[in-house]
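Written below as structure tokens is the structure these notes are about.
The values are calculated or read from the model by the stated rules, or taken from the named source; none is laboratory data. Keep in mind the model is a prediction, meaning the values are calculated, not measured. Cβ atoms come from the backbone with ideal geometry, glycine included; neighbour counts cover every protein chain shown. Calculation scope for accessible area: heavy atoms of the full protein, side chains included, ligands and nucleic acids excluded. Shrake-Rupley method; radii C 1.70, N 1.55, O 1.52, S 1.80 Å.
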Amino acid sequence: MQTLPEFRNEPFVDFRQPANAEGMRAALQQVAQQLGKQYPLRIGGKDVQAKAEVISTSPASPALVIGRHAEADAAVVPQAIAAGEAAFATWSVRPVEERVELLLQAAKRMRERKFEFCAWLTFEAGKNWAEADADTAEAIDFLEFYAREAVRLSQSAPRIQYPGERNEFVYVPLGVGAVIPPWNFPLAIMAGMTAAAIVTGNTVLLKPSPLAPTIAARFLMLLEECGMPAGVVTLLQGGAALGSAIVEHPAIHFISFTGSKKVGLDIQSKAAQVAPGQRWIKRTILELGGKDAIIVEDDADLDAAADGVVASACGFSGQKCSACSRVIVNEKVHDTFVQKLAQRMAALAIGDPAENRAVGPVISEDSYNRILGYIFDAAQKGKVLAGGAAQTPAAEGYYIQPTLIAGLTPADRICQEEVFGPVLAVLKARDFDDALAIANDTEYGLTGAVYSRDEKKLKRAAAEFHVGNLYFNRKCTGAMVGAHPFGGFKMSGTDSKAGGADYLLLFTQAKSINYKL
Ligand code: NAD
């Protein structure tokens with residue numbers, strides 16, 4: 001196998017360059033011509049009749065239809081499993097080079113059509129240009145990174161060769177599995193989970209979120225253009241009922257899920273039920289929610305901290321699992337710092353992501369209502385220092401003002417539950433001990449950050465701040481594939497560390513083979 005060049009993260013696009021801004025505008029126009037298109041249900045390379053449709057609309061303009069997708073009901077799951085099993089028979093034994101080549105080809109073509117993928121993300125998920133670019137760049141990174149990791153795994157060997165024997169150690173795939181991603185990184189997470197599963201020789205039933213079905217459909221078209229055989233990935237569009245039917249099917253070997261704690265725990269319990277005829281333990285890879293905190297100490301650079309907190313809390317309207325939703329501020333600098341936050345949050349431009357405004361809409365009317373409910377509830381107890389309301393009525397787009405609420409206590413609902421919107425709660429800490437105790441006092445443990453110039457505090461936080469991804473003197477969002485393998489502790493998931501060296505192992509089982517000489 002040819003040696004692949006060293007992995008490098010895909011550079012972000014500089015939209016200040018006129019050529020890039022023009023490229024993005026042209027892609028938005030080109031994709032606008034394709035909105036509302038119908039996408040069939042295809043199983044094993046053949047079209048299958050569907051009774052209903054998943055219709056995706058724009059969060060920025062709810063009357064605008066993005067795509068109409070033939071919906072898969074639970075009855076077609078056995079057919080999709082059969083297609084996956086048939087494909088597994090050949091895909092799993094193909095030389096790893098061929099599976100790696102599929103990922104590399106997909107990365108290459110996605111890079112060539114980067115603005116087009118960004119434009120789909122802008123229309124369907126409401127991402128502004130930089131957020132859409134970050135999602136697309138991460139998808140490319142996952143494809144490139146897992147391609148290299150698959151090569152590395154294929155070259156593994158046992159540590160010890162016992163005298164008088166030849167020993168081999170190989171990683172083999174599990175079988176047909178389920179990939180169930182969320183809507184918030186509808187390209188990167190969906191493509192990353194799928195790529196990891198198939199490059200290791202598995203075949204998958206991919207059920208994207210009904211809030212972002214078109215991006216998954218476009219990715220599947222890309223894989224097919226790159227020569228992916230039928231049945232390696234079967235795209236099934238639908239919601240919770242379809243997801244459950246896939247998870248419960250006895251022929252499913254593994255479930256790779258990213259989404260909410262509630263659904264993740266439901267999947268965990270369903271996967272533990274052994275169905276009649278089931279011959280293996282279903283493996284679950286569950287990456288769930290967060291209640292991420294940034295600690296700001298009195299010795300910190302307060303302007304840098306305010307910039308980092310606002311970016312972490314308001315980027316993509318706070319709809320990242322890694323988003324900062326609690327800022328824990330040392331009481332000595334609390335009032336000064338909170339003022340800096342309020343000024344910055346109030347200055348953010350809210351508006352159409354296609355026009356590249358800083359803060360776009362939240363994903364759906366349900367989200368819009370849920371987030372406003374949290375704001376209303378917290379405003380009864382605390383003090384709203386910025387935002388605090390919807391920016392537009394829901395019919396005109398699901399825009400919510402970036403909201404800052406102080407005067408809360410750590411046990412308040414808004415400081416414990418994941419809100420998943422542009423809402424930041426401020427908590428006052430007496431000292432660093434108190435700050436760490438508050439930070440750790442939720443059921444989640446996904447990301448966190450500390451702003452301080454004191455090395456001793458950072459060292460303590462490294463040991464005691466109990467999260468899967470911890471950052472010092474920078475924002476708590478924006479994990480980079482390879483550099484910051486991503487996954488959470490506690491109720492934030494099974495800590496799979498996507499984009500890390502351990503990730504592909506989760507989609508394989510290792511086999512020891514011994515030859516007596
Ligand atoms: P969700 O749990 O509502 O849905 C996730 C996926 O599960 C969707 O495809 C959905 O259709 C499907 N689903 C829903 N009910 C199901 C069921 N009963 N059985 C099987 N599948 C079912 O989550 P969401 O709203 O799409 O995404 C937001 C959540 O994802 C947040 O909690 C966020 O923190 C989390 N998230 C976590 C990470 C991470 O890496 N830890 C990354 C991104 C998002």
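For the stretch 389-417, the set of residues classified as in contact with a Lys or Arg (Cβ under 6 Å, 6 or more places away or on another chain) and either in contact (Cβ under 8 Å) with a residue 40 or more places away in the chain or within 16 Å of the ligand (Cβ to nearest atom) (or both) consists of ALA406, CYS415, listed by residue number.
Within this structure, ALA188 passes the test of being in contact with a Phe, Trp or Tyr (Cβ under 8 Å, 6 or more places away or on another chain) and under 22 Å from LEU235 (Cα atoms).
Each row is one residue, and each column tells you yes or no for (1) of a type outside the set (Lys, Arg); (2) surrounded by 14 or more Cβ atoms within 10 Å (Cβ to Cβ); (3) farther than 26 Å from ASP352 by Cβ.
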residue: GLN34; (1), (2), (3): yes, yes, no
residue: GLN49; (1), (2), (3): yes, no, yes
residue: THR57; (1), (2), (3): yes, yes, no
residue: ALA75; (1), (2), (3): yes, no, yes
residue: GLU85; (1), (2), (3): yes, yes, yes
residue: PHE88; (1), (2), (3): yes, yes, yes
residue: TRP91; (1), (2), (3): yes, yes, yes
residue: PRO95; (1), (2), (3): yes, no, yes
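For the stretch 213-232, the set of residues classified as closer than 21 Å to SER92 by Cα and in contact with a Phe, Trp or Tyr (Cβ under 7 Å, 6 or more places away or on another chain) consists of PRO229, VAL232, listed by residue number.
The test for being open to solvent by 80 Å² or more (accessible area, probe 1.4 Å), more than 19 Å from PHE219 (Cβ to Cβ) and among the hydrophobic types (A, V, I, L, M, F, W, C) holds for ALA63. With the condition kept exactly as written, say whether any residue in the stretch 390-399 is closer than 24 Å to GLU331 by Cβ and surrounded by fewer than 19 Cβ atoms within 10 Å (Cβ to Cβ). No, the stretch 390-399 has no match at all.
Being over 24 Å from LEU236 (Cα atoms) and in contact with a helix residue (DSSP H, G or I) (Cβ under 7 Å, 6 or more places away or on another chain) is a property that does not hold for GLU112. Filter the stretch 259-270 down to residues that are over 17 Å from the mean Cα position of the chain (by Cα) and within 7 Å of the ligand (Cβ to nearest atom) and give me whichever is surrounded by the fewest Cβ atoms within 10 Å (Cβ to Cβ). So, considering only residues that are over 17 Å from the mean Cα position of the chain (by Cα) and within 7 Å of the ligand (Cβ to nearest atom), the one surrounded by the fewest Cβ atoms within 10 Å (Cβ to Cβ) is ASP266. From TYR503, TYR444, TYR451, TYR471, which residue is assigned by TED's automatic domain parsing to the domain that holds PHE185, in contact (Cβ under 8 Å) with a residue 24 or more places away in the chain and surrounded by 15 or more Cβ atoms within 10 Å (Cβ to Cβ)? Checking each option against the conditions leaves just TYR503. List the number of the failed condition for VAL310; all other conditions in (1) assigned by TED's automatic domain parsing to the domain that holds GLY468; (2) over 27 Å from GLU138 (Cα atoms) hold. For VAL310, the failing item is (2). Each residue in the stretch 271-300 was checked for being assigned to a loop (DSSP other than H, G, I, E, B), out of contact with any Cys (no Cβ under 9 Å at 6 or more places or on another chain) and within 16 Å of the ligand (Cβ to nearest atom), and 3 pass. Residues of the stretch 113-157 that are assigned to a loop (DSSP other than H, G, I, E, B) and within 17 Å of the chain's Cα centre (by Cα): GLY126, LYS127, ASN128. Residues of the stretch 318-374 that are touching a helix residue (DSSP H, G or I) at 6+ places or on another chain (Cβ under 9 Å), open to solvent by 60 Å² or more (accessible area, probe 1.4 Å) and within 16 Å of the ligand (Cβ to nearest atom): GLU365, ASN369.
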